[in-house]
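Undergrad: For reference, the structure I am asking about is given below.
The values are calculated or read from the model by the stated rules, or taken from the named source; none is laboratory data. Here the structure is a predicted model, which is why all the values come from computation and not from measurement. In this analysis, Cβ positions are derived from the backbone assuming ideal geometry, glycine residues included, and neighbour counts consider all displayed protein chains.
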Amino acid sequence: MASSTMLSAGLASPAALRENTKKLGAAAGRRVGEFFLNGKCSGRVKMAVAVNVSRFEDVTLAPPDPILGVSEAFKADTSDVKLNLGVGAYRTEELQPYVLNVVKKAEKLMLERGENKEYLPIEGLAAFNKVTAELLFGADNPVIQLGRVATVQSLSGTGSLRLAAAFIQRYFPEAKVLLSSPTWGNHKNIFNDARVPWSEYRYYDPRTVGLDFEGMLEDIKAAQDGSFVLLHGCAHNPTGIDPTPEQWEKIADVIEEKNHIPFFDVAYQGFASGSLDVDASSVRTFVARGLELFVAQSYSKNLGLYAERIGAINVVCSFPDDATRVKSQLKRLARPMYSNPPVHGARIVANVVGDPTLFGEWKQEMELMAGRTKNVRQRLFENLSEKDESGKDWSFILKQIGMFSYTGLNKAQSENMTNKWHVYMTKDGRISLAGLSLSKCEYLADAIIDSFYNVS
Amino acid sequence: MDEMGVRCSFPVAVRRLSTLGRHLSGHFPAMASENPNFTISPSPTAGTYGSAASVFACIAQAPEDPILGVTVAYNKDQSPVKVNLGVGAYRTEEGKPLVLNVVRKAEQLLVNDPSRVKEYLPITGLADFNKLSAKLIFGADSPAIQENRVATVQCLSGTGSLRVGGEFLARHYHERTIYIPQPTWGNHPKIFTLSGLSVKYYRYYDSETRGLNLQGLLEDLSSASPGAIVLLHACAHNPTGVDPTLEQWEHIRQLIRSKSLLPFFDSAYQGFASGSLDADARSVRMFVADGGECLTAQSYAKNMGLYGERVGALSIVCRSSDVAVRVESQLKLVIRPMYSNPPIHGASIVATILKDSEKFKEWTIELKSMADRIISMRKQLFDALRERGTPGDWSHIIKQIGMFTFTGLNSEQVAFMTKEYHIYMTSDGRISMAGLSSRTVPHLADAIHAAVTRSN
């Protein structure tokens with residue numbers, strides 16, 4: 001290459017530059033590099049690039065995503081008995097991915113209609129936004145009828161959270177977000193990247209493998225007034241532990257007292273209990289109390305639309321005029337991020353949720369999915385109770401709700417699950433029951449018992 | 001503090017007082033009436049209103065996006081002679097949006113394939129799509145590809161690719177200034193500012209010649225700090241339609257390389273500008289051929305008519321394959337907290353077409369006919385103005401390239417044309433040729449003639 005010849009003619013070699021970089025530290029090394037570019041050398045370089053070193057030389061290799069990386073590792077495993085309990089994607093009893101029948105029907109309808117592929121408005125498909133808000137709050141909810149909800153179609157749950165985080169950063173710059181301990185792994189990344197400070201409130205109690213309710217209330221009370229409190233609407237991820245309706249009321253009391261702003265993450269509406277309305281009751285309770293709040297919604301799991309990236313951010317305001325203005329500012333943040341959202345998933349949702357027949361069929365498919373998950377919980381619980389001679393109470397598995405179970409296994413024990421038993425899960429002890437079949441429950445029970453008792 | 005001057009450090013004290021008031025009396029406290037946004041809004045759901053003053057009271061209404069807002073205004077207009085020359089979306093001779101035949105075919109295949117699932121794509125997107133996209137822009141025989149020096153990630157069309165690239169550079173590149181042409185697409189400065197880069201301009205358009213101000217361009221880039229990032233429109237510059245000649249590109253390339261500036265190409269019109277995919281990629285390939293590094297944001301919105309599907313790709317051409325691997329891993333860390341992984345539908349359509357030689361050929365034919373129709377509109381408009389004896393030199397209409405023409409009309413003339421002739425276009429005088437037809441050209445020519453000849 002021409003540039004190598006240029007290098008030997010008197011420029012510092014890439015090796016020397018790298019040496020300098022290491023010795024002086026990256027930034028200093030870059031300055032050294034720049035000197036060579038700005039000095040006599042750059043004059044000689046007309047046709048080729050000055051030096052053979054990449055300007056991205058200092059970029060380090062990032063670790064794999066703790067959740068999504070599990071599936072990658074699983075794929076690489078050649079064992080016959082391997083089990084993927086990592087990412088929360090629903091599987092059939094045959095452990096196959098599942099595309100809902102109503103989704104297939106909707107897509108065929110869309111194909112027949114031959115709709116165009118024009119840009120959606122920045123706020124997304126109007127029909128989608130309408131049915132989405134109605135699904136969440138209830139079609140007859142006064143907040144909808146009074147126009148007090150700003151709904152903006154976003155890129156599933158993540159995109160909705162990120163858009164809201166950007167909004168919070170800009171318009172509530174002194175505010176903090178309170179996250180449950182533990183919470184979905186990506187929550188912290190989202191708020192970090194949006195430059196919104198966060199702190200944690202106690203949530204999981206390892207002694208009871210249940211909710212540390214007193215700790216939760218204390219920490220929410222202790223936070224500065226006007227904080228955003230991130231709450232999982234149902235099917236808490238990763239623990240599967242949800243507050244009871246009475247506990248939700250008390251949480252709302254504290255939030256009101258402190259003028260906090262509730263921020264719900266609703267990724268499992270319908271998937272937790274099997275009922276869309278029951279799973280939305282925490283959100284609806286807060287709304288009924290007249291509170292202003294945020295809700296990030298996702299259709300990844302309940303409509304199986306994972307890869308279509310379809311969800312919404314909803315902001316319930318006190319006045320319709322506020323909702324209009326809030327929506328306009330959300331749009332302003334979305335435009336430099338991706339301009340307008342993808343149309344395909346939005347149309348599927350609008351067709352399914354907006355059509356009474358398909359909506360009814362959807363509810364049935366959802367009950368089947370939630371039902372299978374509950375059956376698997378039951379079987380796992382039974383297997384664990386039978387096989388564990390110590391008499392440990394495994395019933396927390398039955399009490400937990402949704403796709404995930406927090407087994408109580410620690411990092412080393414979780415690693416044992418993978419290394420010895422080829423069971424892939426996240427290191428925090430979370431397993432996705434949606435990836436478990438009845439026939440594999442026994443094997444899993446053996447693995448859990450071995451890891452729990454024989455590894456520390 | 002955002003540019004609207006709004007900073008919502010909401011008076012928590014007001015809310016606390018109003019809550020106290022509510023507790024005491026059950027009525028709206030007096031303080032609330034001092035809030036200019038306060039209106040008595042009966043809450044049918046609760047006996048007392050949660051908090052009389054809203055946290056969103058100080059959120060201002062954002063202005064409508066200048067480009068997308070044109071369509072909003074157009075839609076409101078009831079006139080039968082209205083013409084939408086605002087957003088750059090292709091229209092047929094009948095003024096209708098177009099879904100390419102080959103896209104419909106690809107979609108049929110996908111929707112009717114029983115083995116297709118909707119599982120999450122990897123964070124970096126559909127692997128096939130990424131490889132094919134890199135080949136499309138860099139050429140299948142590109143040494144950069146063969147040497148595995150290209151990191152490609154699927155993103156949300158052009159906007160998403162630019163944003164992810166900008167965020168990556170803000171985190172990992174030592175120079176945080178990006179130079180963008182004057183003028184450029186309205187969304188560019190916002191994207192890069194929100195990415196964390198600081199935006200500077202280089203001269204580009206010469207309003208006297210209605211062509212390229214090469215001298216100004218070279219001067220401004222010469223005085224840029226070494227290593228700074230430079231945004232380049234690969235072809236069909238938006239909004240001016242003025243592209244450098246190959247000779248001028250070579251000049252630009254030499255300067256950029258001698259100053260070690262980092263080129264960042266925005267390629268939104270490959271194949272759309274001249275009708276030839278390879279011709280429209282020449283500028284990018286010229287830079288890659290010299291062995292240096294660059295970024296490229298690719299969009300399939302226009303050339304495959306996939307606007308609403310949000311399909312695009314970001315490629316970073318690195319010095320070595322080792323660097324490319326590390327760069328890709330860091331791109332994932334930008335993407336995961338933004339939207340986790342990209343939407344599958346549009347990327348699958350693209351991959352289906354690009355990987356099949358028959359479909360690829362069909363695509364190039366349909367693409368060329370779109371480009372040809374636009375070129376013919378240019379000629380028709382030019383002829384129409386000449387027929388009317390409209391004062392001025394209008395040859396730039398046929399010299400400029402791509403979807404847009406920078407007419408040279410000022411914002412007053414534009415406002416006049418909108419008001420009197422129902423012509424919708426952006427106030428900078430840009431018109432989308434794709435929105436014209438043989439039927440509407442005479443009306444537009446009349447409007448331009450009237451705007452130019454009316455006495456002030």
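Undergrad: Taking segment B:233-258 as the search range and keeping residues that are touching a residue at least 60 places away in the same chain (Cβ under 8 Å) and within 19 Å of B:Val87 (Cα to Cα), which one is farthest from the other protein chains (Cβ to nearest Cβ)?
TA: B:Val242
Undergrad: Answer yes or no: is there a residue in segment A:264-277 that is among the aromatic types (Phe, Trp, Tyr) and modelled with pLDDT under 95.
TA: Yes: one or more hits.
Undergrad: Name the helices (runs of 4 or more DSSP H) wholly inside segment B:341-456 in which the number of residues that are under 30 Å from B:Gln270 (Cβ atoms) and not acidic (Asp, Glu) is 2 or more. Even if it seems obvious, please write down each step before you answer.
TA: Details: elements: B:344-354, B:357-388, B:396-399, B:411-421, B:441-453.
Fully inside segment B:341-456 and qualifying: B:344-354, B:357-388, B:396-399, B:441-453.
Undergrad: State the number of residues belonging to segment B:200-226 that are crowded, with 19+ Cβ neighbours inside 10 Å, at pLDDT 95 or above and not in a helix (DSSP H, G or I).
TA: Total meeting the criteria: 6.
Undergrad: Now for a separate question. It is to be established whether one or more residues within segment A:312-322 are surrounded by 24 or more Cβ atoms within 10 Å (Cβ to Cβ), within 7 Å of chain B (Cβ to nearest Cβ) and assigned to a helix (DSSP H, G or I).
TA: No, every residue in segment A:312-322 fails to be surrounded by 24 or more Cβ atoms within 10 Å (Cβ to Cβ), within 7 Å of chain B (Cβ to nearest Cβ) and assigned to a helix (DSSP H, G or I).
Residue-by-condition table, conditions (1) of a type in the set (Val, Ile, Thr); (2) within 11 Å of chain A (Cβ to nearest Cβ):
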{"site": "B:Val153", "(1), (2)": "yes, no"}
{"site": "B:Ser157", "(1), (2)": "no, yes"}
{"site": "B:Gly165", "(1), (2)": "no, no"}
{"site": "B:Asn187", "(1), (2)": "no, yes"}
{"site": "B:Lys190", "(1), (2)": "no, yes"}
{"site": "B:Leu197", "(1), (2)": "no, no"}
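Undergrad: Out of the residues in segment B:90-125 that are touching a helix residue (DSSP H, G or I) at 6+ places or on another chain (Cβ under 9 Å) and of a type in the set (D, E, K, R), which is farthest from the other protein chains (Cβ to nearest Cβ)?
TA: If we take residues in segment B:90-125 being touching a helix residue (DSSP H, G or I) at 6+ places or on another chain (Cβ under 9 Å) and of a type in the set (D, E, K, R), then B:Glu93 is farthest from the other protein chains (Cβ to nearest Cβ).
Undergrad: Follow-up question, since we're still on this one. Select, from B:Gly95, B:Gly88, the only residue that is closer than 29 Å to B:Gln380 by Cβ and surrounded by fewer than 22 Cβ atoms within 10 Å (Cβ to Cβ).
TA: Going through B:Gly95, B:Gly88 in turn, the sole match is B:Gly95.
Undergrad: Would you please name the residue that is nearest to B:Ser54 (Cα to Cα), looking only at residues in segment A:277-296 that are surrounded by 21 or more Cβ atoms within 10 Å (Cβ to Cβ) and more than 11 Å from chain B (Cβ to nearest Cβ)?
TA: A:Val295
Undergrad: Something else now. Can you name the residue in segment B:318-366 that is of a type in the set (Gly, Ala, Ser) and more than 11 Å from chain A (Cβ to nearest Cβ) and is also surrounded by the fewest Cβ atoms within 10 Å (Cβ to Cβ) among such residues?
TA: Of the residues in segment B:318-366, the ones of a type in the set (Gly, Ala, Ser) are B:320-321, B:324, B:329, B:340, B:346-348, B:351, B:357.
Okay, now just the ones that are also more than 11 Å from chain A (Cβ to nearest Cβ), so B:351, B:357.
Working: B:Ala351: 22, B:Ser357: 8.
The extreme case among them is B:Ser357.
Undergrad: Would you please name the residue that is nearest to the other protein chains (Cβ to nearest Cβ), looking only at residues in segment B:139-148 that are within 28 Å of the chain's Cα centre (by Cα) and assigned to a helix (DSSP H, G or I)?
TA: Among them, the one singled out is B:Ala144.
Undergrad: Being free of Cβ contacts under 8 Å to residues at least 60 places away in the same chain and either in a helix (DSSP H, G or I) or facing another protein chain (nearest Cβ under 8 Å) (or both): is that true of A:Ile190 here? Talk me through it step by step, then tell me what you get.
TA: Working: free of Cβ contacts under 8 Å to residues at least 60 places away in the same chain: yes; either in a helix (DSSP H, G or I) or facing another protein chain (nearest Cβ under 8 Å) (or both): yes.
Yes; evaluated as a whole, the condition is true for this residue.
Undergrad: For segment A:222-272, name all the residues that are among the aliphatic types (A, V, I, L, M) and either without any contact (Cβ under 8 Å) to a residue 12 or more places away in the chain or part of a helix (DSSP H, G or I) (or both). Break it down into steps so the answer makes sense when it comes.
TA: Filtering segment A:222-272 down to residues among the aliphatic types (A, V, I, L, M) leaves A:222-223, A:229-231, A:235, A:241, A:251-252, A:254-255, A:261, A:266-267, A:272.
Answer for segment A:222-272, where residues must be among the aliphatic types (A, V, I, L, M) and either without any contact (Cβ under 8 Å) to a residue 12 or more places away in the chain or part of a helix (DSSP H, G or I) (or both): A:Ala222, A:Ile251, A:Ala252, A:Val254, A:Ile255.
Undergrad: Taking segment A:279-300, which residues are in contact (Cβ under 8 Å) with a residue 40 or more places away in the chain, of a type outside the set (S, T, N, Q) and assigned to a helix (DSSP H, G or I)?
TA: Selection gives A:Asp279, A:Val283, A:Arg284, A:Val287.
Undergrad: Right, another one. Among A:Val53, A:Val87, which is more than 26 Å from the chain's Cα centre (by Cα), crowded, with 20+ Cβ neighbours inside 10 Å and not assigned by TED's automatic domain parsing to the domain that holds A:Ser298?
TA: A:Val53
Undergrad: Please state which one of B:Gly308, B:Gly312 is under 16 Å from the mean Cα position of the chain (by Cα), under 30 Å from A:Leu125 (Cα atoms) and free of Cβ contacts under 8 Å to residues at least 40 places away in the same chain.
TA: B:Gly308
Undergrad: So, one more: When you scan segment A:301-311, how many residues do you find that are part of a loop (DSSP other than H, G, I, E, B), more than 8 Å from chain B (Cβ to nearest Cβ) and small (Gly, Ala, Ser)?
TA: 0
Undergrad: What are the pairs with Cβ atoms under 7 angstrom where one residue, in segment B:59-81, is at pLDDT 85 or above and the other, located anywhere, is surrounded by fewer than 13 Cβ atoms within 10 Å (Cβ to Cβ)? Sequence gap at least six, or different chains.
TA: Cβ pairs passing all conditions: none.
Undergrad: Contact list please: Cβ distance under 6 Å, first residue in segment A:131-154 and in contact (Cβ under 8 Å) with a residue 24 or more places away in the chain and over 16 Å from A:Gly354 (Cβ atoms), second residue surrounded by 20 or more Cβ atoms within 10 Å (Cβ to Cβ) and basic (Lys, Arg), pairs at least six apart or on different chains.
TA: Correct list of pairs: A:Ala150/A:Lys327.
Undergrad: I need a count of the residues in segment A:349-381 that are of a type in the set (A, V, I, L, M) and either over 16 Å from A:Lys108 (Cα atoms) or in contact with a strand residue (DSSP E or B) (Cβ under 6 Å, 6 or more places away or on another chain) (or both).
TA: 6
Undergrad: Which pairs have Cβ atoms under 6 Å, sit 6 or more apart or on different chains, and link a residue in segment B:103-115 that is farther than 20 Å from B:Ser357 by Cβ to one that is charged (D, E, K, R) and surrounded by 11 or more Cβ atoms within 10 Å (Cβ to Cβ)?
TA: Cβ pairs passing all conditions: B:Val111/A:Glu107.
Undergrad: Within segment A:54-72, count every residue that is of a type outside the set (D, E, K, R), more than 7 Å from every other protein chain (Cβ to nearest Cβ) and assigned to a loop (DSSP other than H, G, I, E, B). Please lay out each step first, then the result.
TA: Here is the first cut: in segment A:54-72, the residues of a type outside the set (D, E, K, R) are A:54, A:56, A:59-64, A:66-71.
Then drop every residue that is not more than 7 Å from every other protein chain (Cβ to nearest Cβ), which leaves A:63-64, A:66-67, A:69-71.
Filter again for assigned to a loop (DSSP other than H, G, I, E, B), leaving A:63-64, A:66-67.
Here the count works out to 4.
Undergrad: Then there is this: If I filter segment A:158-171 down to residues being of a type outside the set (A, V, I, L, M, F, W, C) and more than 8 Å from chain B (Cβ to nearest Cβ), which single residue comes out as farthest from the chain's Cα centre (by Cα)?
TA: Among them, the one singled out is A:Gln169.
Undergrad: Looking at (1) part of a loop (DSSP other than H, G, I, E, B); (2) in contact with a Leu (Cβ under 8 Å, 6 or more places away or on another chain); (3) more than 24 Å from B:Ile191 (Cα to Cα), which is the only condition B:Leu136 fails?
TA: (1)
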